[in-house]
1. Name, by its number, the condition in (1) farther than 15 Å from G34 by Cα; (2) open to solvent by 40 Å² or more (accessible area, probe 1.4 Å); (3) not hydrophobic (A, V, I, L, M, F, W, C) that does not hold for H175.
2. Can you pull out every residue in the range 107-159 that is assigned to a loop (DSSP other than H, G, I, E, B), of a type in the set (A, V, I, L, M) and surrounded by 19 or more Cβ atoms within 10 Å (Cβ to Cβ)?
3. Kindly indicate the residue of the range 179-213 that is among the acidic types (D, E) and part of a loop (DSSP other than H, G, I, E, B) and also farthest from I13 (Cα to Cα) among those meeting that condition.
4. Give me the residue from the range 101-149 that is of a type in the set (A, V, I, L, M, F, W, C) and under 18 Å from D43 (Cβ atoms) and, out of that set, farthest from ligand 1 (Cβ to nearest atom).
5. Kindly establish whether Q62 is of a type in the set (S, T, N, Q) and either under 26 Å from K18 (Cβ atoms) or within 16 Å of ligand 1 (Cβ to nearest atom) (or both).
6. Tally up the residues in the range 150-185 that are within 25 Å of H101 (Cβ to Cβ), in contact with a Leu (Cβ under 6 Å, 6 or more places away or on another chain) and within 13 Å of ligand 1 (Cβ to nearest atom), please.
7. Let me confirm something: among L44, L76, L38, which residue is in a loop (DSSP other than H, G, I, E, B), touching a Ser or Thr at 6+ places or on another chain (Cβ under 6 Å) and either open to solvent by less than 70 Å² (accessible area, probe 1.4 Å) or within 16 Å of ligand 2 (Cβ to nearest atom) (or both)?
Amino acid sequence: MSCRFDLGHYAEILEAAKAGGYRFTFFGEPPARGDIFLRHDIDLSLDAALQMAELEAELDVQTTYLLMTESVFYNLASREGAAAIARLRELGHAVGLHAVHPNVGLDERFDPVVSWHNPQAEYMSASISGAINVYAEPYFDPPSYRSDSNQHWRAGCPHEELRGGGFAWLQILVHPEIWVYQGATMGLTMRSMLNAEKARRLEQLAADGIHLD
Ligand SMILES: [Zn+2]
Ligand SMILES: [Zn+2]
């Protein structure tokens, strides 16, 4: 099995976790043996988030999507943003806040679950009043944590250990943009995302009555 960053291998990772006897769990209860807290910090693309969310639902996997209200790349308050939240809920996923420190603007759109965007060590694991901080105990423990940041699994792709039941429990951070858009490096993947974004923007302009000829 080659550890590509594409939706095919993503599905294989989910199947490996099931084969290893794991269950996908929401933040709320403390970690127990066999739990997987699979979370998605949505930095760049609601489209990518929705594609991943649909695939997970087809595989009967529910995860936690953490969305930004302060993204420079998407507008959660737009019709598209509201529709994305509605669809994520419909598919059975949890929706929390991917927050820019120190703002924790939780409102009725979100479950009280927060992940910090580009966290700094001095506040990363501090408790947040009224919300679960995914980087705080009991959910965050380095041996039980894997992240795909910048298209690189620092401790290796977890599929083999998942299949073999090698983790007592695990929190996994997966950025959908890296898996939905293709490129051999993070830079190339980001460029393919921007190319797709350009086509989408042209459609939005046309829908807004802008003449593109
Ligand atoms: Zn793998
Ligand atoms: Zn982020």
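The values are calculated or read from the model by the stated rules, or taken from the named source; none is laboratory data. Note that this is a predicted model, so its numbers are computed, not measured. Here Cβ is always computed from backbone atoms with ideal geometry, including for glycine, and neighbour counts include all displayed protein chains. We work out accessible area using only protein heavy atoms, side chains counted, and drop any ligands, DNA or RNA first. Shrake-Rupley method; radii C 1.70, N 1.55, O 1.52, S 1.80 Å.
1. Against the list (1) farther than 15 Å from G34 by Cα; (2) open to solvent by 40 Å² or more (accessible area, probe 1.4 Å); (3) not hydrophobic (A, V, I, L, M, F, W, C), H175 comes up short only on (2).
2. V134
3. It comes out as D213.
4. Restricting attention to the range 101-149, the residues satisfying the condition of being of a type in the set (A, V, I, L, M, F, W, C) are 104, 106, 110, 113-114, 116, 121, 124, 126, 128, 131-132, 134, 136, 140.
Subset that is under 18 Å from D43 (Cβ atoms): 104, 110, 113-114, 116, 124, 134.
On the way: V104: 34, F110: 31, V113: 26, V114: 29, W116: 27, M124: 27, V134: 23 Å.
So the residue we want is V104.
5. Considered against the rule, which asks whether it is of a type in the set (S, T, N, Q) and either under 26 Å from K18 (Cβ atoms) or within 16 Å of ligand 1 (Cβ to nearest atom) (or both), Q62 comes out as yes.
6. Residues meeting the conditions: 1.
7. Numbers: L44 fails: touching a Ser or Thr at 6+ places or on another chain (Cβ under 6 Å); L38 fails: in a loop (DSSP other than H, G, I, E, B).
Only one candidate passes the filter, namely L76.
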